[in-house]
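Okay, structure first, notes after.
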Amino acid sequence: MDKLIRRIDLRDAGGERARQLLRHEWLVTNGLGGYASGTISGVVTARYHGLLIAALPAPLGRVVMLNHLAEHLVFPGGRRLPIGGEECAQPDDMETCGNWITEFRLEDQLPVWKYEADGVVMEKSLVLLHGQNTVYVQYRLLSGPEGLRIELAPSVDFRRHEAPVSQPLSPDYVVAVRSGRYEISVSDEYPRLRLLLKGERPRFVHEGGTTREIFYQKEADRGYESRGLLWNPGSFSAELTAQQPATLIASTESWRAMLALTPDEAIDFYQQRRARLLRTADSKARASPVADLVLAADQFIIVPVGRIQDSARAYAAGDDIRTVVAGYHWFTDWGRDTMISLEGLTLTTGRHVEAGWILRTFAYYIRNGLLPNLFPEGENEGLYHTADATLWFFHALDRYVECTGDRSTLRLILPKLVDIVDHHLRGTRFGIRVDPRDGLLQQGAEGYQLTWMDAKVQDWVVTPRRGKAVEVNGLWYNALKLLENWVREEKGPEAAESYGEHARRARQSFNERFWYPEGGYLYDVVDGENGNDAACRPNQLLAFSLRYPVLEESRWKPVLETVQNRLLTPVGLRSLASDHPDYKSKYFGDLRARDAAYHQGTVWAWLIGPFVDAWLKVHPDDRAGARRFLEGFVPHLNAACIGSISEIFDAELPFTPRGCIAQAWSVAEVLRCWVKTEPF
């Protein structure tokens with residue numbers, strides 16, 4: 001299979017060049033939750049940027065271990081030329097960084113930079129080993145004079161990746177040298193960073209340790225502390241020849257593990273693994289642009305290295321453990337995001353075994369009839385403040401069983417599903433309970449944001465949606481019907497009868513109470529704090545996009561047309577119609593300003609999935625029409641995070657990408673729907 005190449009030519013970018021270099025980002029992951037990421041230019045603009053963000057056991061979580069490399073070409077005679085990645089102390093410096101980069105490309109998601117400067121043509125590539133906190137940064141000379149050297153000056157500030165960049169720099173950094181091997185350490189809290197340069201006549205010049213102040217533009221834009229110090233122990237250098245590349249290896253692993261592979265082997269195995277991922281995926285997903293998303297999907301499926309008890313339990317049962325990172329850079333694994341993403345990330349890509357591992361892992365954590373909302377960074381126990389993640393679990397299990405026929409997993413989890421429904425019927429935490437008056441599911445607790453519209457700033461819950469939310473009840477009905485069928489198949493019709501009765505009552509009440517006749521669509525919440533909420537939101541699609549629609553069929557088309565006319569954009573759905581007084585067209589500013597807009601107009605890419613499902617319910621023979629709603633994501637693959645899909649977008653032209661640069665449910669739902677809309 002040929003390499004999957006996504007290329008950005010920077011030679012003729014003109015006035016767009018600086019914007020592309022600084023705003024376009026890349027991401028490489030290691031299957032543990034660790035990653036490397038940065039701007040194309042190499043300039044560090046965010047606290048999450050770095051060449052090695054290691055995934056470490058709790059209580060550390062992810063830690064920035066290698067922040068930056070300053071790169072210079074050293075010509076015969078001693079002239080030094082910065083080629084990219086210069087650290088910038090002032091905002092104005094950024095315009096001149098990365099001037100010698102002429103091309104950036106992904107080769108099966110492997111990032112490659114091409115530099116041309118003063119007769120030198122050179123390429124750089126970066127690989128993270130799968131299953132290790134080890135990075136290889138390789139420089140290969142394509143043409144240039146003899147005696148040329150590459151000089152690399154690493155900078156570090158060991159810190160948890162969500163920590164502010166302004167935290168004080170420790171004065172205790174030291175570098176130890178042993179037989180050409182280098183170790184940077186600071187305290188017993190963090191592991192050592194091991195460094196080794198492989199190449200022709202490598203050497204290291206110890207400069208005694210210097211510090212420099214860095215300006216982080218994205219942090220400034222987001223209203224956070226934007227200046228911080230990095231520590232540099234000195235510089236590595238090696239000759240560059242056409243026959244011998246130079247490779248810097250950095251790792252938190254043991255020397256034995258770190259050096260188990262040569263640089264060429266690391267790159268070869270990286271590419272072999274990605275070729276296998278493409279071969280395993282649905283045949284409809286093996287050609288660009290959707291093949292890019294197959295590889296992007298792999299970035300979110302991880303082994304949670306910090307949760308040692310999970311691993312021990314899974315291994316003892318002859319199983320394994322997997323979970324899903326909701327988004328890079330700052331999300332951990334979230335129950336809701338995982339269940340929405342499961343079909344696209346694992347079933348569409350042919351990773352059925354891992355899908356089973358994910359479902360069984362989350363099933364273990366069900367408490368009081370609830371699935372965890374999220375696992376905080378560096379912690380072993382989940383938080384449970386969610387009303388819908390548990391119901392999405394039924395949907396994910398349904399998609400898994402239909403795809404794999406794995407009844408043994410269904411039987412294993414079935415008692416937990418029964419327990420979930422029992423808890424919801426009698427009432428569980430956070431006010432989540434079925435109202436005995438109408439059979440609808442209500443939720444809400446002071447100070448909590450329990451639906452997917454979960455923005456909260458200190459004590460301010462931006463969209464509380466307390467009461468009976470439309471999508472929660474669509475999911476509740478779907479869960480009841482699924483459970484009714486599963487119990488009937490496993491235990492007989494008598495055992496399933498009560499679930500069918502609860503479903504019939506919920507459906508009748510839903511259609512009596514959620515229809516908003518003046519607008520021709522569905523209320524977003526009924527019996528809310530201020531009565532019924534007629535805000536036009538995309539949540540209403542869940543009333544008929546799921547396997548078992550709670551909404552009567554005669555109302556599918558008007559709801560779909562309303563959503564299409566008022567919420568649809570080329571990159572997903574607005575979270576609120578533009579004529580609402582709370583509508584925000586842009587997501588920007590400090591945390592409070594951003595969260596005020598997060599679900600008040602901001603476009604969410606993942607919502608294109610329920611929209612396409614709903615479209616095909618109303619227009620079952622119009623796959624071509626459904627496919628057109630996905631085409632806006634194709635140019636986006638060359639913007640923001642190259643080869644992936646952002647979390648959110650501004651609500652109006654030019655639909656600027658915002659939030660996480662790579663989001664699991666964005667990738668999963670576009671990938672799933674692209675395959676689903678493939679012509680027969």
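So which residues in segment 385-396 are crowded, with 22+ Cβ neighbours inside 10 Å and either assigned to a loop (DSSP other than H, G, I, E, B) or free of Cβ contacts under 8 Å to residues at least 40 places away in the same chain (or both), if there are any at all?
Passing the criteria: THR386, ALA387, ASP388.
Kindly indicate whether any position in segment 621-638 is surrounded by 21 or more Cβ atoms within 10 Å (Cβ to Cβ), touching an Asp or Glu at 6+ places or on another chain (Cβ under 8 Å) and under 26 Å from ASP524 (Cβ atoms).
No, because not a single residue in segment 621-638 is surrounded by 21 or more Cβ atoms within 10 Å (Cβ to Cβ), touching an Asp or Glu at 6+ places or on another chain (Cβ under 8 Å) and under 26 Å from ASP524 (Cβ atoms).
Residues that are touching a Lys or Arg at 6+ places or on another chain (Cβ under 8 Å), at least 2 per element: which strands (runs of 3 or more DSSP E) completely within segment 128-238 meet that?
Filter on segment 128-238 gives 134-143, 149-155, 181-185, 193-198, 200-215.
How many of the residues making up segment 558-582 are over 21 Å from LEU542 (Cα atoms) and within 26 Å of the chain's Cα centre (by Cα)?
0
For segment 109-123, name all the residues that are of a type in the set (Asp, Glu) and part of a loop (DSSP other than H, G, I, E, B).
ASP118
Just for helices (runs of 4 or more DSSP H) wholly inside segment 585-646: which have at least 1 residues that are free of Cβ contacts under 8 Å to residues at least 60 places away in the same chain and not aromatic (Phe, Trp, Tyr)?
Helices (runs of 4 or more DSSP H) meeting the threshold: 591-597, 623-628, 633-636.
Those residues that are charged (D, E, K, R) and surrounded by fewer than 24 Cβ atoms within 10 Å (Cβ to Cβ), I need them from segment 548-583; list them, please.
Across segment 548-583, the qualifying residues are GLU552, GLU553, ARG555, LYS557, GLU561, ARG566, ASP579, ASP582.
Which count do you get for residues in segment 263-285 that are more than 19 Å from LEU32 (Cα to Cα) and touching a residue at least 60 places away in the same chain (Cβ under 8 Å)?
9
Got a sec? Which helices (runs of 4 or more DSSP H) wholly within segment 404-523 have at least 3 residues that are closer than 30 Å to THR349 by Cβ?
Correct list: 407-426, 470-491.
Find the residue count for segment 193-224, including only residues that are within 34 Å of the chain's Cα centre (by Cα) and surrounded by 16 or more Cβ atoms within 10 Å (Cβ to Cβ).
Number of matching residues: 14.
Would it be correct to say that PHE375 is farther than 25 Å from CYS673 by Cβ, within 18 Å of the chain's Cα centre (by Cα) and buried (at least 22 other Cβ atoms within 10 Å of the Cβ)?
Considered against the rule, which asks whether it is farther than 25 Å from CYS673 by Cβ, within 18 Å of the chain's Cα centre (by Cα) and buried (at least 22 other Cβ atoms within 10 Å of the Cβ), PHE375 comes out as yes.
Bear in mind that the values in this text are calculations on the coordinates, not laboratory data. Small disclaimer: the values here were computed from a predicted structure and weren't measured. Cβ sites come from the backbone with ideal geometry, for glycine too, and all protein chains shown count toward neighbours.
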